[in-house]
Amino acid sequence: MTDADRTAQPGTVYLVGAGPGDPDLLTVRARRLIDSADVVMHDSLVHDEVISSCPADATLVDVGKRPGPNGERTTQEEIHDLLVENASDGQRVVRLKCGDPTVFARGGEEAEHLAAAGVDFEIVPGVTSAIAAPAVAGIPVTHRDHASMLTVVTGHEDPTKEESAIDWDALAAIADAGGTLAILMGVGRLPDNTAALEASGLDPDTPVAMVERATYHDEQVVTGTLETIVDRAECVDISPPAVTLVGEVVEVRDAVDSCLASLSSQLSSGSQHSRAEGD
Ligand code: SAH
């Protein structure tokens, strides 16, 4: 592959993972594609420094689903149409998503839509927060002595919903068998989700951690148990985005924390690094 082949090609859409936040966690491929893009369509969770590092002549489109300053939202259908329109105009399009583009990021839907429209595209994996957020906090999602399984699950769904796609009994059984749960989008429903796991028989003393804004200068980590985590998270005001980890691996943090140099404080020297801890 020549260097020219490694850059974004006209008429092609790249579904690119931007990593959990810190721009240093972009892949080399992501960096090359961003640097050669004509259009960058990004989500709201992509770090500001990644956005500001896009080429000055690239068109930036914020398609974040959160309400913008005027309350507008870009619908998924509009995103599909924009991707196809821009690629059909011969643009080099980078569709930039936080973490990995296929983990709770609708990359699969966008890929299906592009394929149906006959648009060339590539999926460029990114560093997912499901693994990176615990990792930077000293929590390995698997460990020879503690966990041989990892389950990544959305915590956004209402556990009392009749037709739930999430089987809390199965998740409790996995955690009980020594598997790690990584719950994304789970801040708002933390009380419901921990209650659902307890009701499904998971030991209330099971270790739990939450890592908020991993790799940002204001990253926060709070640890506790299934029983205590709701109060502890409330005490330090854990807010989205955060990843919740359930399982024995959380205890590894205690052993490594004193020597753990923080990525966020290294990279944001001068800005305040706050951490909230529970034992
Ligand atoms: N595609 C993304 C996930 C998008 S869903 C990925 O692979 O990481 C959005 C959720 O990701 C958030 O609610 C939060 O649970 C998690 N998340 C993303 N960035 C994060 C970060 N820097 N720190 C903690 N959690 C993060």
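Every number in this text was worked out from the coordinates using simple rules, so none of it is lab data. Given the structure is predicted, the values throughout are model-derived calculations rather than measurements. Virtual Cβ from ideal backbone geometry, glycine too; neighbours counted across all protein chains shown.
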Practice prompt. Quick one: order I229, I166 by neighbouring beta-carbon count within 10 Å, fewest to most.
Written response: I166, I229
Discussion item. With +1 on the Cβ of every Lys and Arg and -1 on the Cβ of every Asp and Glu, and nothing else charged, how large is the dipole of the stretch 3-127 about its Cα centre, in debye rounded to the nearest 20?
Written reply: 240 debye
Worksheet item: Counting only DSSP beta bridges with both residues in the stretch 3-127, what percent are antiparallel, rounded to the nearest 5?
Response: 5 percent
Fill in: Cα-based shape type of the stretch 3-127, given that a ≥ b ≥ c are square roots of the gyration tensor eigenvalues and the cut on a/c is 1.5
rounded
Worksheet, complete the sentence: When the chain is treated as a Gaussian network with springs between alpha carbons less than 10 Å apart, the largest mean-square fluctuation among L60, L260, L226 is found at L260
Worksheet item: Given H placed 1.01 Å from N in the peptide plane, which residues other than close sequence neighbours of L150 have an amide H under 5 Å from its amide H?
Response: T180
Worksheet entry | Dipole in debye (nearest 20) - the stretch 130-264, about Cα centre, beta carbon charges: Lys, Arg +1; Asp, Glu -1 | 480 debye
Discussion item. Take the chain, mark every one of the trypsin sites (Lys or Arg not before Pro) that falls in a DSSP loop and has at most 16 other Cβ within 10 Å, then report the longest stretch left between them, sites excluded.
Written reply: 162-274
Discussion item. With both bridge residues required to lie in the chain, what share of the DSSP beta bridges run antiparallel, to the nearest 5%?
Written reply: 40 percent
Item to complete: Among A87, G126, S36, flag the residue with its Cα farthest along the positive direction of the charge dipole of the stretch 3-127, charges on Cβ as +1 for Lys/Arg and -1 for Asp/Glu.
Response: G126
Fill in: Percent RCO, i.e. relative contact order, over the chain, from Cα pairs under 8 Å lying at least 6 residues apart
18 percent
Practice prompt. Would you mind getting me the FRET efficiency between D57 and E77? Use the beta-carbon distance for r and R0 = 35 Å, nearest 0.05.
Written response: 0.80
